[in-house]
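What follows is a set of notes on a single structure, which appears directly below.
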Amino acid sequence: MSNMEIIKKLQSHFDSLAKTVPGEEIEFWFARDLQEPLGYTRWENFITTITRAIESCKTTGCDPDDHFRGVTKMVTLGSGSERAIEDFMLTRYACYLIAQNGDPRKEPIAFAQSYFAIQTRKQELIESRMLLQARLEAREKLRESEKTLSQNIYERGVDETGFGRIRSKGDTAFFGGHCTQTMKNKYGITQSRPLADFLPTLTIAAKNLATEMTNHNVSQDDLHGEMAIADEHIQNNQSVRAMLGQRGIKPENLPPEEDLKKLERLVKSEEKKLTTQSGRLPKS
């Protein structure tokens, strides 16, 4: 099944679960309806995610009561008797926050993060948003792994300047002899901006793998000093480059992509709009 077919299937399912407040053009979803589609088998686990989403709502300055409404529903049991269960009415913004607080490794969660983030239901826009989200997540992982490497090697006798040299040598190995500045010049990136903010998702993920390998081996082999750690980082970047090469991929030949800082600002702007575009649940 192609990526677009998966998106179409998920979109159809999530669309079918949408409800509308009578007399108002406000969409909402019941949490119980979303639990299984979002990959949660236990209500108790889903409640934990909902609680985190409510806290996230508070930190944005929004009133959670406008977007999360606790309700009681009666369900029919197998015996024919009825039982009251707790549920939530959720605006689109509430659903978005729940998805943001879920596990993005779950395919339905990754889809929901984009599905609820935009008002339109055009599949190509949802797919585009999912690709952007994947790139942002890959960049954050690289940022964290490089931060960890910097901390690890500082404890092993390498200062910030030395870390910069190690990272630069890794780039040169990864890009087939092209140093960081050469790649920046090729892509037209100003000196003050990080190269990684303009790289495609595949390249960012590959660089992250090489950095994680260095983190692992520096600790496991108890490496100390700039020279030993630089050699390790060079070898890991060369290994990852070789793996890409086996699939006919040369990272230095991949075209740059739009500045991630610009895209991050766009995402934050869209999130602010979503709070008002979603509407507010009527007061009970």
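Tabulated results
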item: Selection status of R135, more than 18 Å from A110 (Cβ to Cβ) and either in contact with a strand residue (DSSP E or B) (Cβ under 8 Å, 6 or more places away or on another chain) or in contact (Cβ under 8 Å) with a residue 40 or more places away in the chain (or both); result: no
item: Strands (runs of 3 or more DSSP E) enclosed by region 19-114 - at least 2 residues per element that are farther than 26 Å from L131 by Cα and modelled with pLDDT of 90 or more; result: 68-76, 82-90
item: Residues of region 80-111 satisfying the condition of being loosely packed, with under 14 Cβ neighbours inside 10 Å and over 21 Å from the mean Cα position of the chain (by Cα); result: G80, S81, E82, R83, A84, I85, E86
item: Matching residues, region 134-173, being basic (K, R) and assigned to a loop (DSSP other than H, G, I, E, B); result: R156
item: Selection within region 25-35 - of a type outside the set (V, I, T) and either surrounded by 12 or more Cβ atoms within 10 Å (Cβ to Cβ) or touching a Ser or Thr at 6+ places or on another chain (Cβ under 9 Å) (or both); result: E27, F28, W29, F30, A31, R32, D33, L34, Q35
item: Residue that is nearest to the chain's Cα centre (by Cα), among those in region 120-167 that are farther than 20 Å from L266 by Cα and small (G, A, S); result: S145
item: Residues being touching a residue at least 60 places away in the same chain (Cβ under 8 Å), part of a helix (DSSP H, G or I) and farther than 18 Å from N208 by Cβ - total across region 221-235; result: 2
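The values are calculated or read from the model by the stated rules, or taken from the named source; none is laboratory data. These figures come from a predicted structure and were not determined experimentally. Cβ atoms come from the backbone with ideal geometry, glycine included; neighbour counts cover every protein chain shown.
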